[in-house]
Structure formats: structure tokens, C-alpha cells
Amino acid sequence: MGAQKKGATARVSEDPEELARHPLQAILLADSFTTKFRPITLERPKVLLPLVNIPMIDYTLAWLESAGVEEVFVFCCAHSKQVIDYLESSDWPSQPNFLVTTIESHNSISAGDALRLIYERHVIHGDFVLISGDTVSNMSLTQALQEHKERRKKDANAIMTMVVKQSKPSPITQQSRLGTDELFMAINPDTKQLLCYEDKAEYSKGFISLDKTLIADNPSIVLHNDKQDCYIDICSEEVLSLFTDNFDYQHLRRHFVKGLLVDDIMGYKIFTHEIHSSYAARIDNFRSYDTISKDIIQRWTYPFVPDILCGNSAIKVERQGTYRASEVTLSRSAQIGPFTVIGQGTKIGNDTKIFHSVIGEGCTIGSNVTIEGSYIWNNVTIEDGCELRHAIVCDGVIMKSGAVLEPGVVFSFKVVVGQQFVVPAYSMVSLLQQPTQQDSDEELEYADSSSGNVELPSAKLNGDITSDLSETRHGPTSELGTGGVGYIWSIFEGGHDEEWRHSVAPITTDKLAKIMLDKDEDEELLTQDGNVLSPSGELKSDSDGNDSEDDDNEGSRDDYVSFEKEVEATFLRAVHENVKVDHAILEVNALRLSYNMASVDCAGAIFYSMMKLAVESPHSSSSELHRNAADVITTWQKLLKSFLHDIDEEIEVILKFEEICLESAKEFSPLFAQILHLLYDKDILEEDAILRWADEKEGADESDKVFVQHAEKFLQVRNELIMFIRVCIWLL
């Protein structure tokens, strides 16, 4: 299963440190120490859940091997037997120069407990990589390791390097595309030292408090809200001893990282390493499961993609990002849409439509079934006429004919849905009954999957954990219709907010609209000393209290460039993920408010994104490029028109098109008049706007009238038509 290791060529060194070096080691936490994947994780450990039909842990191990790690300690607690059995039966034990060892515990209930136990085993002998088994990456560790080692030579207190990357959160939901909360980091841009780490749950009323001594000690400091924590850490041995010395350290970020940042006695330091073109992300909730699955299918994680991890003969990539395993039985009338994966031995009936979904192995899908944006695991039976949209369906589930899963539904193992039964949106369904109390996010999932009963560890029996899974609510077996088997879990008080935020289902337009109404449009995020966080994430301060006009202009230009990139990213996400136009309008409008831009700025950025998509789509001639542009404009005309409120704004779009033809997409130059005509035909540009644009060019230099000349024939026809209409009116 492992990918071929890179960069393992031997070299001779006389450096005593190199001669005495230990193999690069890693600690892989097979427990997430949260309950976010319930009810599924009551029966199977999270790291063994399929991610595009491959267990999550295989992506993490494959990356560690390719990155040059030689020894991995897999710490497992909840469902430890399942993890150990899987690893022993996999190809990992047979990989050369890559040793995988499991460490089992039944008493650890946090990452802190896990690291304390590993410290007691004395198995780590130098710098090591700390990672969880739900992390997907293809980054190279070489540079990050080198930076860490160089810092350690100069400063023994530099004990940890965190990997981060760019990922600006949605200005509406205040969360990243992975469904994680907005994160604030204060970083010294010169040394890359981490000075402050706060997530949205840890600050109130939009204020971040920075100690004045922190600002005084660091002449240069940037406060970011546009960074994603990849949860890949390079640590020195001291990290383990610090957990042993302080039993208050339970959570890696909330306790350990924040504890070190505010401890001015020991003087330990944490640094960051930012990656740019590489991929790294952790599956923290159902939304990130959905997002990372799409990234894998679209090959952002290459070489860790299904056809390579499974072997080239097991699954093949076809047109439009479709993956199909061998021995798939597919009816001729079935429609398999783009970015869809079909697993080994699956059968699909007549007139069934599957789009943007992952289907596991051994599934039987009947006729006239619609599956969109869903994840169907192994050996699932879906009878005729069923509908599933943005759902997760675990192994062995049976959906009887005509059953419907509304967006956001999660079905745990072997649930049965009755005929014609409609499962409400965001429902969590399991054969296991729901605990009467909600566990804290520090607790584990304990279950004996062979019996289907909840198994309580000794710690829970001794009262160390507040919730007892033996206290369950009992419901009728008909909760899922006639012939249905399973319990629909209720949502705990205060849990409704999390369901839609962390679901695989797209956030609904009405929910986004409500959030925007609740937001204060003029809210500014201030630090303790009154400095303002700009939309680009930079902490702006002027020691003299004065800003020059040039600086203001430069800042405005930078802000517009950032804004345009954000709009482009939003537009492309809408295209690739089939986001509704109304949803995209809200996202762009939120960016407008966040960056303090005008509607015309939005229109210009959207039109630029549309034309860029057209020119980057495959084409071999001008006619094909024109067809691409026509398709994009037709599909997304409502989005563009929603930001064009008057003729002046329409003129700005024409000027933007001129700019595009001259600079970024010169292929459009010969098509200028045709595209202009198309915009007119689609009622995006009014006749008066086009004529006024041409009139304003009347006194310009010849070089600035190039596109007026291109459009001369179109303008002449428009003028003749206007004259004809005026004559007709006069005659009447």
C-alpha cells in the first residue's frame, strides 16, 4: 500500500551529528479524541473510515513513508483491536525501511495522555513528526526539517515547528472550507515565530488581546486570519517531557501550544513553516471529509490518489475526473457524472444518475436512483427510485424502494430505511441508541463492533468520564418507516448550529442570508492597542501615526488584488462543486463587505473569473474559445447581473474586458466584438452602456480606441437601429 519513498539516496558524512543521528521517527495518533464523527465512530475507529474508498490512515502512512520517515509509532486506544488487526493484515509491515509499530492503551482519554505514555516507553530518540491518522498531505518535509534543525542549533528553546498554509475563511460563516473555525495567528514575519494562537471559539466580541510586551519585543508582527493549521508538527524530544511535567496539558493546541505561548518563565518557542504549492489538511468534521474527498478526486493530493494508492490495475481514471474499478456492472442507460468514483464489484441499474459522489465496493444500486454529492460505503443496497443528496451511508445499509435521504443525513452501519420513507435533513441514524448526555470533545468512542453493544472502559466505569453510554433513549423500531431498523438521534441543545456548519451538505442560501443580517457591516477586528486587522490579514500600525498617500494607494491596490483572487476562488468553487447561483451571490457580497468594495468591483472580478475559466478550458480554435465563453456567460449570467445596477457599472465591465484582452487573456482580442454582442444578447449590457463607452473613447488616443474599432460594425448596426426606431416614433 505504501508509496515509493523518495530522497533516500545514501551519502557519506564526517559530521559527528550526522554519524550519530537516529532514524527519522513519527508519532501517529490513531485517535482523534473527539466525538464529531458519531454515531459512526461508536462502531469503527475514525482512521479506518474510507476516504475515497481507502482507509484514512493509509493516506497518512503513505505520506510519512514518502517524506523519509523511517519509523512510525501508531498510538491507538478506542477500537484499538480493529486498528492493530488492520495494520497487521495490510502491506505496511512488509515495507522496506519503514517500520510501523503500534502502541495500545485503554486508559488514555486525550492526546496529552497518549504522549505521556509514549514518553514512558522511551521509544523516541530525537526530533520526530507528530501527526494524526486523519491527515492527508503530499508536502516535502525536507525544508521544514532543515529549518527546525538549524533553529535548534542556535536556540535550544526552539522545540516545535507547526506546518501552516493559506486558507482564508468565509467572511459569512467565519469558517474555512474545511468547516473549521476562523483561526488567528500572530507571527513574527522575520523569524516565523508563533506569538499568538486563537480560534473563533476562544475570543469574544471579535476582539483579540495581545500583550503589549509581546508587541514591544517584536518590532515586526503580523496578525493573520488567513492561515490554516495543517496539524503536522516537527517536535524535539522536550515536547514529550513537557507533557509529562504538566498533566494539565491534554489538548495539543488549546492547552499545550497556548500554554507555551503564555509561559514567559521556561522560554520555549514555537515556529511556523508555511507551505504554498503542496497539500496538507486534516479531516476534522463531516464538511472537511467532503472537501478533502473532492480534493483527492480532483488530484490536488497527487501522488496520493486512488489509482496510485490502490495500484494502477485496480482502478482507472476516466474522463471528467471519473474513477472506475474493474468488474463494475453498469447499465447502458445509467448516467455517471463528473468527479465520481465507482468501487469494485458494484452494480448500477437502468436510468440511475450519479454525480459528484463516491460509491464503495460491492454495492447494489437499483433503477431510477438519483445520487448527488454523497458517499456510499461498501455493500450498500439501494433499491429502485431512491434519492440521496449530500449524505453519508455506511457499510451494509439497506434503502428500500422510494426512500429519500435529505441533505446532511448520516447513516451508520447496517441501518434499514423503509419504503418511501423520507429521512429529514441532518439526521444522524444508527442501530445504537443515543446517549442521554453529550460527551465532551476530549472523550473517546468505545464500542465492541462484533456485538453491536457499547463497551465501557474502566475509566468510564470508575466515573472518570461524565457521560455513560449505557444511559440511552429507547425509540420505536418504526422510526425509519415500515420495515425500517434504526434510531434517529435527536440533536442536543445548542447542536443545531453545528449540524449545518459541519455537514457534507452545502450551506443553504437562507442560512447564509440570516447570518449576513446578523452581522454588523461596520465591525472591525481590533487588537488591544487599537491596531486594525486588514482584509489581507496584516496587522497595520504606524509608529508615527501618519500614512502617506502613496502607502494608501498601494494598500488599496493590494486589497483589490486580494479581493479579485478571493472572488475567483469563490467562483471556481461554485463551478466545480455545483453551488447554486444565489449561494455564490451571497459569498461574493460578503467578500464585498469584508474588503469594503463596491458592486462594480464585484462585477469586474466576476467577469474576469468567467473569462479566465473560458480561456483555461480546453480549446483548439477561436470558435471553441467563443463557445467556452458563451457557455460560462450563459450559466453564470445571473451572478454577473446581480452586481450591475446601473449603466456606469456596465461600462466598467466593458473596460475590464478591454484590460483582459490586452493583458491576461490576449486570445480574446479577435473575439471582442462577438463577446460584446453576446453580453448584449443576454441582457447583461444595455445598448446605452455600449454606446456611451464608445462615445467616451471619441477623444482618446488611437491606441486606446482599438476595441472600439473592433466593435465598429456592431456599433454601426446599433446606431442604425436606433435611428430607425426614432424615425418610426416620429412618424407615429
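Throughout, read-outs are computed from the coordinates displayed, never taken from laboratory work. Just so it is clear, the model here is predicted, and its values are computed rather than measured. Glycine gets a Cβ as well: all are built from the backbone with ideal geometry, and neighbour counts include every protein chain shown.
Along the Cα→Cβ direction, 7 angstrom out, place labels at residue 350 and residue 254. What is the inter-label distance in nm? The two pseudo-label positions are separated by 5.5 nm. Between residue 103 and 74, 75, 76, the built amide H atoms are under 5 Å apart, and every one of these is 5 or more places off in sequence or on another chain. A straight line joining the Cα centroids of region 101-124 and region 348-395 runs 40 Å. As a rough footprinting exposure proxy, the listed residues 346, 101 were ranked by other beta carbons within 10 Å of their own, and the order from fewest upward is 101, 346.
Backbone amide hydrogens, once placed in the peptide plane, bring residue 382 within less than 5 Å of 364, 365, 366, 399, excluding anything fewer than 5 places away on its chain.
Going by a ≥ b ≥ c, the root eigenvalues of the Cα gyration tensor, does region 347-422 fall in the rounded group (a/c under 1.5), the prolate group (a/b larger than b/c) or the oblate group? Rounded is the answer for region 347-422, as its axis ratio a/c remains below 1.5. Which residues in region 324-349 place their backbone N less than 16 Å from a point set 7 Å from the Cα of residue 635 along the Cα-to-Cβ direction? In region 324-349, the label zone of residue 635 (backbone N under 16 Å from the point 7 Å along Cα→Cβ) covers 337-340. From most to least packed by mean Cβ count within 10 Å, the peptides 251-262, 35-46 give 35-46, 251-262. For 75, 411, 672, the sequence from fewest to most other C-beta atoms within 10 Å is 672, 75, 411. Looking at the square roots a ≥ b ≥ c of the eigenvalues of the Cα gyration tensor of region 142-278, which shape do they give, rounded for a/c under 1.5, prolate if a/b is larger than b/c, or oblate? In terms of gyration-tensor shape, rounded. The mean sequence separation of alpha-carbon pairs under 8 Å and at least six residues apart, normalised by the residue count of region 142-278, gives a relative contact order of 38 percent. DSSP assigns beta bridges within region 142-278; of those with both partners inside it, close to 70 percent run antiparallel. Centre-to-centre separation between the Cα atoms of region 127-162 and those of region 570-590: 36 Å. Computed from backbone phi with θ = phi - 60° and the Karplus coefficients 6.51, -1.76 and 1.60, the 3J(HN,Hα) list for region 69-75 is 5, 10, 9, 10, 9, 8, 8 Hz; x is used for glycine and proline. In terms of other Cβ atoms within 10 Å, 336, 297 run from fewest to most in the order 336, 297. Checked against a 32 Å cut-off, the cross-linked pairs 192/565; 168/638; 192/641; 316/656; 46/154; 227/580 give Cα-Cα distances beyond that limit for 192/641; 316/656; 46/154.
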